[in-house]
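**Q** The structure under discussion is supplied below as structure tokens; questions concerning it will follow.
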Amino acid sequence: MDSCVYKCSEGFEMQGPDTLYCRENGKLLTINNEERRPVCVDKMPPEIKCPPPEVVPAAKGSKGTEVHWEVPRPSDNSGILPKLLTEPNFVFPGDYMEIGRTLIRYIAVDHAELRSTCEFEITVYDDEPPTVHDDNSKEKLEITQSHQSGHKFSQGRHTVTYRAVDLNNNEALCSFDVIMTPRALPNKIRHMMRGFYYQGDCSNLNVQAYLKKMFLQHLSEKFEKAELCLRQGTCSLKTVRVLCGNTTDHVRRKRDVWEHIGGEELELEFEITIDVDQELNDTEAVIQNFLETIQNLKWDMDEDFVLQPTTSSPFPLSDSQFSHQNENIPGSVVFTEGETTLECKPGSVPNDDLCVLCSPGTYYDSSVRECRDCPIGHYQEDEGQLECNKCPDGMTTEYSRTRNETECKGICQPGTYSPTGLETCLACPIGTYQEHSRQHTCRCVRKERQLLVCNLPQSLIVGRSATKCLECPSNFSTEIVGATNVSQCLDLDPCAKKDHCMNDGVCTRHGREAKCICKEGFGGDRCEQDIDECLQKPCFNDGICVNVEGSFYCNCSSGFKGTLCDAEVDECLSSPCLNNGTCLDKVNDFACICPAGYEGPQCERAQEICYPDILCLNGGTCIEPEGSNHSYCVCAEGFTGIDCSVDVDDCENVTCLNNGRCVDEIASFKCLCQEGFEGSLCETEIDECASHQCFSGSTCQDLVGRYQCICPPGWSGTFCETKLSSDFVLNFPDSKATIANMASMTLNSPLSDVTVSMWVQTTDTQRSGTPMSYAVASTSTSDGENTIVDNALTINDCSGVRVFVNNEPLVTEVQMADGQWHHLAFTWSSENSGEWTLYKDGKQQSNGTHLRPNDVIPGGGNLVIGQEQDAVGGGFSPVETFTGNITRVNVWNSYFSKSNITRLCSLDDDIPGKVVAWPDFLPGVKGNVNILQNERPL
């Protein structure tokens, strides 16, 4: 009797005896009728190897990108595929990852709960320059500038440059020119000279008349000699006035007769006016010449006037000419140097020796001779006006100094509010109300109905001037949006509606709100979402998870059972071994230890004994040739050796494809395929899209071991089952208009035919605002170099709509900047001789042919709402920034007929674009753009 050593497979540790005794025929024997079965216990953890580190750039215009990698395939010495876990949870190839480093750890757990881990790092780096005010990384930029705001520029052209650098040292530059030009020359300049005094009797009217006459005559002679008056304009002397001065010391004489000791003063005041030729260009030279002329006149007059009256003086004052109560007049003329001032006509004010018209948004206040801002509720479009225009009844302006009537907006009525208190107004949400007009928000109210500003101290009572909607008392709410009185606040039980919580969820009241406690397997605010438990891969041992409403179940692979397929089926329970064979349980299999004289998978065959006592095993046949005293075993297929005990390795010359693993079987082999492959050699990739659940219109993308639904524009969800709402408006405020305000996305498909539809509301006639622009870097077929097509598809200037296709412009006279909502549609066909048509509010405005015939708008560029691009995703200009409201911008890759355009004008016919749908812009909103939800054109 020989001894046999029982050995465990690699990675297993034996528990029990390791030596068994065998009969001469090779069969195991029991000792003292006691069955001794050694047990192999798994001690080796599974093996797993992670992919190499991934380093990828961020997607264009985004702060991250989708990253793909190969999921590691763990293996175990048991032959059973280990369970695979991840840290962080639920991370898969193709997930979106932001700029930075992400460490991913895979954990393999075998059937004995032994674990192994591996990890690798994904780095998403930023290689895209910023667009001056914004960066795709959303991180803070280092911005430098050549000139600071408020810098004083001299006359001429000056370039202001901004430089922006992100955290990865990507750099962007932008610049604009500041052009300083001379101000226009006013048509009249009037100077006032004061400084001629007469010392004598002021009450004598003859003296005053004579002084006026002589003064006019003398000064007119001086004008006739002035170079400026002869060469460049017409000078005139107007409004000479004689003003009485103060009487000096008086003393009382006897019999109450006044005696003039010091005398009186009178003042001559006059105006000089010069009408200047409007064609003069050098305004500063004209003004300087005029001031020099005035100064020369003053010098001449200073020389002419004498301190004592003489007959040769311009003012010969003698005793014989004037008398006053029989008293002699000791008069004399004294010239006093006075100040020369610039007086402008009404509507303009002096500024550095120039008359400047009051700007639009202001008016001329004659009482103070200054330009003043138009008050709130008024506007002025023109320069140099004496008053402002009042807004129509029921309308006002947001700010003072308003320039256009279009900035007069309707006042929000009770029950509504807006950030400015003016149109566009929103109804107060359910649970709040507002009693007053022109309110900024909805306010809260206490039980005793005192009006209190929300979030402020409760002792602060707000009266009629309150600017917020009021919140109803605790546990109270309104039934409608736009409530205007506290009496509309009712004690409404939010759980009164039986169907508030779906899928048997339990509704609980929390104040005026309802919260749902969901049954296991459901989630969401109203338990409306069926949780897909299969995303956590709960089934062990290659079990297939099937998600059902509110739960899941596992379809177990052969050899396993249990709710999670975590229990192995004991194939020995059915006693498959015959002839007292001993059954050993295996994974999805069993093995029989046969007693002496029997063999076969179930000990069903009696063994043949060949000379000399050689047992032909595994179905081998003993052959003794005729005439010979020797015998030998003829082995069954799959076995070899003198006693047919050696299993032929059928995997020796077999290669399983796609990382499949070969398993040797009796006279055959089997390839265990990686997830996502099938076939005898794992040569066929499984098309998971053959049984996909993607909704109609979406595209199924077959991946290794899974699939992904690619949603059409305007749809989202795992299976593209959710239609995104188009009822929102993007508001580009005029008060915060900058080149940073936009909404952008990537247009992937090239277009040979295109239709663009949008709703636009604007009052901007000062800028050539751009509702939409598309720029792309096109590759030339001749030299392979990139060419920037900055106006591949652009619509701008709502004062006279212009359309560009591959940089070729169409100029129209279509007007949209009147403050009303307008529907604009443009359709173009390259293949049909470049035919195009422009529609406004469903009516054809202009059409033609030969617009880029047989041309294609390239794909892969940047589509921007609100800015015009001079480079792909950049090169924005303030004068082309859009202000106003935009909604429902959709793009199709086909040419539309008039009937289709008419359908687009109906707000109830929500037709998302096949190339770009309006909701697709939401993730790309940047800057000071307001998203007005649940809004549509009125």
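The values are calculated or read from the model by the stated rules, or taken from the named source; none is laboratory data. Quick caveat: nothing in here was measured; it's all calculated off a predicted structure. Cβ placement follows ideal geometry from the backbone for every residue including glycine, while neighbour counts extend to all protein chains displayed.
**Q** List every residue pair whose Cβ atoms sit under 6 Å apart, with the two residues 6 or more apart in sequence or on different chains, where the first one lies in the stretch 758-771 and is touching a residue at least 60 places away in the same chain (Cβ under 8 Å) and the second, anywhere, is among the acidic types (Asp, Glu) and not in a loop (DSSP other than H, G, I, E, B).
**A** Note: pairs meeting the criteria are SER768/GLU880; THR770/GLU880.
**Q** Among the residues of the stretch 321-341, is any under 30 Å from GLU423 (Cβ atoms), part of a loop (DSSP other than H, G, I, E, B) and modelled with pLDDT of 50 or more?
**A** no
**Q** Which pairs have Cβ atoms under 7 Å, sit 6 or more apart or on different chains, and link a residue in the stretch 821-842 that is over 17 Å from SER752 (Cα atoms) and modelled with pLDDT under 95 to one that is among the hydroxyl-bearing types (Ser, Thr, Tyr) and surrounded by fewer than 23 Cβ atoms within 10 Å (Cβ to Cβ)?
**A** Listed pairs, sorted by first residue: GLY842/THR902.
**Q** Then there is this: Looking only at strands (runs of 3 or more DSSP E) that fall completely inside the stretch 502-587, which ones have 2 or more residues that are within 48 Å of the chain's Cα centre (by Cα)?
**A** The strands (runs of 3 or more DSSP E) meeting that bar are 506-510, 513-517, 544-548, 551-555.
**Q** Which of (1) farther than 30 Å from LEU357 by Cβ; (2) surrounded by 14 or more Cβ atoms within 10 Å (Cβ to Cβ); (3) of a type outside the set (Lys, Arg); (4) at pLDDT below 80 does LEU185 not meet, given it meets every other one?
**A** (1)
**Q** Further question: Report, ordered by the first and then the second residue, all pairs with beta carbons closer than 7 Å, sequence separation of six or more or different chains, a first member in the stretch 147-173 that is in contact (Cβ under 8 Å) with a residue 60 or more places away in the chain, and a second member that is of a type in the set (A, V, I, L, M).
**A** These pairs meet every condition: ALA172/VAL132; ALA172/ALA164.
**Q** To continue, here is another question. Check ASP649 against each of (1) outside any strand (DSSP E or B); (2) at pLDDT below 85; (3) not polar (S, T, N, Q) and name the one condition it does not meet.
**A** Unmet condition: (2).
**Q** Identify the residue in the stretch 690-732 that is of a type in the set (Phe, Trp, Tyr) and touching a strand residue (DSSP E or B) at 6+ places or on another chain (Cβ under 7 Å) and, among all such residues, is farthest from GLY543 (Cα to Cα).
**A** PHE732
Conditions (1) basic (Lys, Arg); (2) within 26 Å of ALA59 (Cα to Cα); (3) modelled with pLDDT of 90 or more, marked per residue:
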| position | (1), (2), (3) |
| --- | --- |
| ASN731 | no, no, yes |
| ASP734 | no, no, no |
| ALA743 | no, yes, yes |
| PRO750 | no, yes, yes |
| ASP753 | no, no, yes |
| MET758 | no, no, yes |
| ASP764 | no, no, yes |
| ARG767 | yes, no, no |
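**Q** What are the residues in the stretch 882-937 that are assigned to a loop (DSSP other than H, G, I, E, B) and among the β-branched types (Val, Ile, Thr), if any?
**A** As a first pass, look at the stretch 882-937 and keep what is assigned to a loop (DSSP other than H, G, I, E, B): 882-883, 893-897, 905-915, 917, 927-929, 934-937.
Across the stretch 882-937, the qualifying residues are THR883, ILE911, VAL915, VAL929.
**Q** Give, as residue ranges, the strands (runs of 3 or more DSSP E) completely inside the stretch 351-410 that count at least 1 residues that are surrounded by 16 or more Cβ atoms within 10 Å (Cβ to Cβ) and modelled with pLDDT under 90.
**A** Counting at least 1 such residues, we get 355-357.
**Q** What tally of residues in the stretch 870-881 results from selecting those that are under 16 Å from the mean Cα position of the chain (by Cα) and either part of a helix (DSSP H, G or I) or closer than 21 Å to ALA825 by Cα (or both)?
**A** Residues flagged as under 16 Å from the mean Cα position of the chain (by Cα) and either part of a helix (DSSP H, G or I) or closer than 21 Å to ALA825 by Cα (or both) within the stretch 870-881 amount to 1.
**Q** Quick check on GLU435: is it more than 23 Å from ASN930 (Cβ to Cβ), crowded, with 17+ Cβ neighbours inside 10 Å and at pLDDT 80 or above?
**A** For GLU435, the condition - more than 23 Å from ASN930 (Cβ to Cβ), crowded, with 17+ Cβ neighbours inside 10 Å and at pLDDT 80 or above - is met.
**Q** Taking into account only those residues within the stretch 833-858 that are assigned to a loop (DSSP other than H, G, I, E, B) and small (Gly, Ala, Ser), which is nearest to TRP821 (Cα to Cα)?
**A** So, considering only residues that are assigned to a loop (DSSP other than H, G, I, E, B) and small (Gly, Ala, Ser), the one nearest to TRP821 (Cα to Cα) is GLY842.
**Q** OK, next. Quick test for you: out of ASP499, ASP532, pick the one residue that is more than 30 Å from THR397 (Cβ to Cβ), out of contact with any strand residue (DSSP E or B) (no Cβ under 8 Å at 6 or more places or on another chain), modelled with pLDDT of 80 or more and surrounded by fewer than 15 Cβ atoms within 10 Å (Cβ to Cβ).
**A** Only one candidate passes the filter, namely ASP499.
**Q** Looking only at the stretch 525-543, decide whether some residue is more than 21 Å from PRO82 (Cβ to Cβ) and in contact with a helix residue (DSSP H, G or I) (Cβ under 8 Å, 6 or more places away or on another chain).
**A** If we filter the stretch 525-543 for residues that are more than 21 Å from PRO82 (Cβ to Cβ), which is where we start, we get 525-532.
So of that shortlist, the ones also in contact with a helix residue (DSSP H, G or I) (Cβ under 8 Å, 6 or more places away or on another chain) come out as none.
No, the conditions are met nowhere in the stretch 525-543.
**Q** Separate question: Scan the stretch 102-123 and give yes if some residue there is polar (S, T, N, Q), over 22 Å from PRO538 (Cα atoms) and surrounded by fewer than 16 Cβ atoms within 10 Å (Cβ to Cβ), otherwise no.
**A** yes
Yes/no matrix, rows are residues, columns are (1) under 23 Å from the mean Cα position of the chain (by Cα); (2) crowded, with 17+ Cβ neighbours inside 10 Å; (3) among the charged types (D, E, K, R); (4) farther than 25 Å from ALA871 by Cβ:
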residue: CYS720; (1), (2), (3), (4): yes, yes, no, yes
residue: SER726; (1), (2), (3), (4): yes, yes, no, yes
residue: LEU730; (1), (2), (3), (4): yes, yes, no, no
residue: THR738; (1), (2), (3), (4): yes, no, no, no
residue: ARG767; (1), (2), (3), (4): yes, yes, yes, no
residue: MET772; (1), (2), (3), (4): yes, yes, no, no
residue: ASP790; (1), (2), (3), (4): yes, yes, yes, no
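**Q** Of all residues in the stretch 816-842 being in contact with a His (Cβ under 9 Å, 6 or more places away or on another chain) and surrounded by fewer than 18 Cβ atoms within 10 Å (Cβ to Cβ), which is farthest from VAL801 (Cα to Cα)?
**A** Per the criteria, the residue is SER833.
**Q** Residue check: is GLY705 loosely packed, with under 15 Cβ neighbours inside 10 Å and either small (Gly, Ala, Ser) or closer than 23 Å to VAL929 by Cβ (or both)?
**A** Working: loosely packed, with under 15 Cβ neighbours inside 10 Å: yes; either small (Gly, Ala, Ser) or closer than 23 Å to VAL929 by Cβ (or both): yes.
Yes, satisfied.
**Q** From the list GLU599, GLU571, GLU665, exactly one residue is more than 30 Å from GLN701 (Cα to Cα) and surrounded by fewer than 17 Cβ atoms within 10 Å (Cβ to Cβ). Which is it?
**A** Going through GLU599, GLU571, GLU665 in turn, the sole match is GLU665.
**Q** For the stretch 150-174, name all the residues that are part of a strand (DSSP E or B), exposed (fewer than 11 other Cβ atoms within 10 Å of the Cβ) and of a type in the set (Ser, Thr, Tyr). Talk me through it step by step, then tell me what you get.
**A** First, pick out the residues of the stretch 150-174 that are part of a strand (DSSP E or B): 156-165, 171-174.
In the following step, the residues that additionally are exposed (fewer than 11 other Cβ atoms within 10 Å of the Cβ) were identified as 156-157, 159.
Passing the criteria: only THR159.
**Q** Right, another one. Can you confirm whether ASN862 is farther than 15 Å from VAL803 by Cβ, modelled with pLDDT of 90 or more and in contact with a Gly (Cβ under 6 Å, 6 or more places away or on another chain)?
**A** Against the criterion (farther than 15 Å from VAL803 by Cβ, modelled with pLDDT of 90 or more and in contact with a Gly (Cβ under 6 Å, 6 or more places away or on another chain)), ASN862 qualifies.
**Q** Would you kindly identify the strands (runs of 3 or more DSSP E) lying entirely within the stretch 656-768 that contain at least 1 residues that are basic (Lys, Arg) and over 30 Å from TYR399 (Cα atoms)?
**A** Counting at least 1 such residues, we get 661-665, 668-672, 706-710.
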